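First comes the structure, then the notes that go with it.
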Amino acid sequence: MTMTVAGFRPEVVRRRGARRRGAPRYPEQLVSFAVQHAASVQAAGGRVSTAASELGLSAMTLASWLSRSEVSVRGRLREVVVSEPPVRAGAPQLLTVTTRSGHMVSGLDVAQAVALLRALV
């Protein structure tokens with residue numbers, strides 16, 4: 001079965017009307033299509049709610065399907081590598097001063113940082 005977004009919406013409407021109490025609402029094929037579509041929307045920088053409205057589903061339903069799938073782009077853990085910034089020989093070490101209120105000043109040498117801190121006290 002080749003599915004499109006335009007073909008998915010009428011299928012959602014049809015299944016909502018024909019659903020018996022306790023019966024699964026959507027077959028795995030439709031859920032799989034919706035998850036793949038949502039993942040492609042997310043990969044392009046879109047939101048789950050956008051994909052859900054395109055498909056005629058609630059955002060909560062689609063988010064639930066995504067969380068159960070292996071395809072979810074945002075729910076996947078990513079490897080993070082933390083490394084020291086390169087230091088050139090003879091280059092001055094630059095500092096960053098962050099205040100309690102969250103203001104941040106970067107690129108200061110030691111003398112500038114000391115002068116800034118004295119001015120703030």
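The values are calculated or read from the model by the stated rules, or taken from the named source; none is laboratory data. What you see is a predicted model, and the numbers here were worked out from it, not measured in a lab. Neighbour counts run over all protein chains shown; Cβ positions are idealised from the backbone, glycine included.
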Notebook entry, point to check: Among the residues of segment 20-32, is any modelled with pLDDT of 85 or more and within 18 Å of the chain's Cα centre (by Cα)?
Noted result: no
Next item on the list: Give the residue that is farthest from the chain's Cα centre (by Cα), with candidates limited to residues of segment 84-99 that are surrounded by fewer than 10 Cβ atoms within 10 Å (Cβ to Cβ) and of a type outside the set (A, V, I, L, M, F, W, C).
Entry: Gly90
Next item on the list: Being loosely packed, with under 10 Cβ neighbours inside 10 Å and assigned to a loop (DSSP other than H, G, I, E, B) is the filter here, so list the residues in segment 108-121 that pass it.
Entry: Val121
